[in-house]
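Data block below; observations after.
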Amino acid sequence: MSDHDIVLSVVDDSGLETWLERVVEEPFRLEQVSRTDLTRVLRLLEATTAHVVMVEISDADLDQSLAIITALTSARPWVTVITVCARANQELLLQSMRAGARDCFVAGSDAGDVRERLRRHQLLRVGHYDDRVQSATNNLVLVASASPTVDTRFLTQNIALGLNQMYPGERTLAIDTQPSERGIFYLDVHNEYTLENLLASPETLDDTLIGTALEEYRPGLRLLAGGINREDLEGDRSADLFIALNHLMQMFDRIIINVGTMQRRHWVRALGIHARHLLIAMHPLVDQAHAVRTLGNEWRAHLGRESQVGLVVDGADNKVPPATDELAETAGASVVGELPMDWQHRLLAMNAGLPIQEQSPRSHYSRALNRLINKLEMQPESSLNADSWWQRIRQG
């Protein structure tokens with residue numbers, strides 16, 4: 001999936017929104033944003049480089065809808081605007097066409113016909129100057145877990161530190177979506193500036209703000225606390241998150257995000273399109289392997305074509321069955337890392353507030369982590385991409 005498979009839905013009516021979610025299927029994915037903020041609509045359009053926008057239109061607020069259509073077609077001439085209405089109305093259709101809309105979908109219309117027209121609009125779209133940068137960054141690593149018992153905070157911080165050590169001359173950002181009151185990840189660092197502050201005014205995000213608000217934890221590495229409420233990951237807030245992270249991906253060479261368990265669905269939905277790697281951490285437990293397979297049904301549609309899905313077995317012990325290859329077969333995902341429990345050295349690092357690579361560089365965990373990071377950077381794209389992951393799950 002590329003950014004051009006994203007369709008923006010500028011719809012407030014819950015009935016129309018539900019109908020669109022049911023009708024629009026792969027390869028398209030809906031990104032919903034409210035009509036009330038035209039600036040947000042334009043920023044999300046720029047962030048996704050989408051070519052099709054569907055705008056709700058009705059007699060009740062016709063002027064607002066026409067203003068949005070006019071603004072979209074004026075600011076982004078290459079965009080195809082399609083209106084969506086609850087019932088057929090010739091006058092609404094004519095006025096929306098005069099404003100620049102190219103088609104109109106009426107709720108309740110045949111789903112197959114709607115999908116075919118949507119595909120036709122994508123094929124006939126006018127090319128625009130930025131086509132070659134579709135999902136351009138592809139520099140995002142999402143770390144999710146199969147179960148709340150898996151500690152992705154520790155895993156994510158160590159991956160971020162490892163990549164920072166591997167590429168000291170590049171800019172890396174690590175985001176902890178589950179920070180504690182005492183700090184970000186398990187590290188002895190405290191930043192008052194959080195993702196919540198960033199989402200309050202994403203348009204102010206630039207290098208000066210980052211340089212001022214986020215000190216480097218290590219040369220080239222910055223940390224950001226990203227604890228936001230679940231309800232803030234819906235609707236317009238989800239759009240703001242997409243916009244803000246899109247800006248950050250332009251500013252950093254790589255971003256690593258601990259999405260954990262509780263909000264993993266929302267983070268993958270919002271940002272999976274840009275993920276280079278989606279790492280799913282699990283303990284060597286059969287029920288967690290089955291949980292990973294179940295995630296395939298939900299996450300496949302939200303990942304990019306180049307996204308690579310890998311399994312990280314945390315607490316691996318080759319003396320205890322099931323074997324790693326059996327876990328991989330059950331989960332339907334390739335194993336990219338096996339990390340020993342090594343609780344003594346983990347505990348030392350957590351309580352010291354230091355990276356385990358610095359606290360215990362020769363520990364079994366640190367060495368296994370280095371192997372994981374090397375494998376991520378050297379992995380052929382064809383072997384771990386989202387399509388092959390999904391195919392293995394379906395065939396299993």
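How far is helix 152-166 tilted off the main Cα axis of the chain, in degrees rounded to 10, range 0 to 90?
Long axis of 152-166 versus the principal axis of the chain: about 80 degrees.
Relative contact order (percent) for the chain, with alpha-carbon contacts under 8 angstrom and 6 or more residues of separation? Intermediate results must be reported in sequence, preceding the final value.
Details: 712 pairs, mean separation 64.4, N = 396.
Rounded, it is 16 percent for the chain.
Please report the antiparallel percentage of the DSSP beta bridges confined to the range 140-377, to the nearest 5.
10 percent
Along Cα→Cβ, 7 Å out, is where each label goes; now give me the distance between the ones at VAL189 and ARG98 in nm to one decimal.
Calculated label separation equals 5.7 nm.
To the nearest 10 degrees, how steeply does helix 14-23 sit against the main Cα axis of the chain, on a 0 to 90 scale?
Approximately 70 degrees, to the nearest ten.
I'd like the accessible area for GLU31, computed on protein heavy atoms only with a 1.4 Å probe and all protein chains in place. Round to 10 Å², please.
Counting only protein heavy atoms, the figure is 0 Å².
Measure off, as a whole percent, the carbon and sulfur share of the 1.4 Å-probe accessible area of the range 6-123, all protein chains present.
Percent of accessible area from carbon and sulfur atoms in the range 6-123: 49.
Based on DSSP H runs of at least 4 residues, each adding -39500 (n - 2.57), what is the mean residue ellipticity at 222 nm of the chain after dividing by all its residues, to the nearest 500 deg cm²/dmol?
-13500 deg cm²/dmol
Taking only protein heavy atoms and a 1.4 Å probe, what accessible area per residue, in Å², does the range 6-123 have with all protein chains in place?
On the way: 4880 Å² over 118 residues.
Result: 41 Å² per residue.
Where does the charge balance sit around ALA174 when Lys and Arg score +1, Asp and Glu -1, over other residues with C-beta under 10 Å from its C-beta?
Residues near ALA174 contribute +1 overall.
Would you work out which of THR324, VAL141, HIS51 lies farthest towards the positive end of the dipole of the chain, given +1 charges on the beta-carbon of Lys and Arg and -1 on that of Asp and Glu, about the Cα centre?
The Cα lying farthest towards the positive end belongs to THR324.
Would you work out if the range 140-377 is rounded, prolate or oblate? Take a ≥ b ≥ c from the square roots of the eigenvalues of the alpha-carbon gyration tensor; rounded if a/c is under 1.5, else prolate when a/b is larger than b/c, oblate otherwise.
oblate
Where a ≥ b ≥ c are the square roots of the eigenvalues of the C-alpha gyration tensor, would you call the range 6-123 rounded, which needs a/c under 1.5, or, failing that, prolate if a/b is larger than b/c, or oblate? Provide the component values of the computation, followed by the final result.
Values: a/c = 1.33, a/b = 1.05, b/c = 1.28.
Rounded shape, in that the Cα axes give a/c under 1.5.
Please say if the range 143-214 is rounded, prolate or oblate, where rounded means a/c under 1.5 for a ≥ b ≥ c the square roots of the C-alpha gyration tensor eigenvalues, and otherwise the choice is prolate for a/b larger than b/c and oblate otherwise?
Numbers: a/c = 1.93, a/b = 1.30, b/c = 1.48.
Oblate.
When only the heavy atoms of the protein chains count and the probe is 1.4 Å, how do GLU46, GLU326 rank by accessible area, highest first?
GLU326, GLU46
Between helix 235-251 and the chain, what is the angle of the helix's C-alpha long axis to the longest principal axis, kept within 0 to 90° and rounded to the nearest 10?
60 degrees
Placing unit charges on C-beta atoms (Lys and Arg positive, Asp and Glu negative, everything else neutral), compute the dipole magnitude of the chain about its Cα centre in debye, rounded to 20. Before the final figure, lay out the partial values.
Working: 38 positive and 54 negative charges, 193 e Å.
For the chain, the charge dipole is close to 920 debye.
The values are calculated or read from the model by the stated rules, or taken from the named source; none is laboratory data. In this text the structure is predicted, and so the values were computed from the model without any measurement. Ideal geometry is used to build each Cβ from the backbone, glycine not excepted, and the neighbour counts take in all protein chains shown. Just the protein is used for accessible areas: all its heavy atoms, side chains included, with ligands, DNA and RNA removed. Shrake-Rupley method; radii C 1.70, N 1.55, O 1.52, S 1.80 Å.
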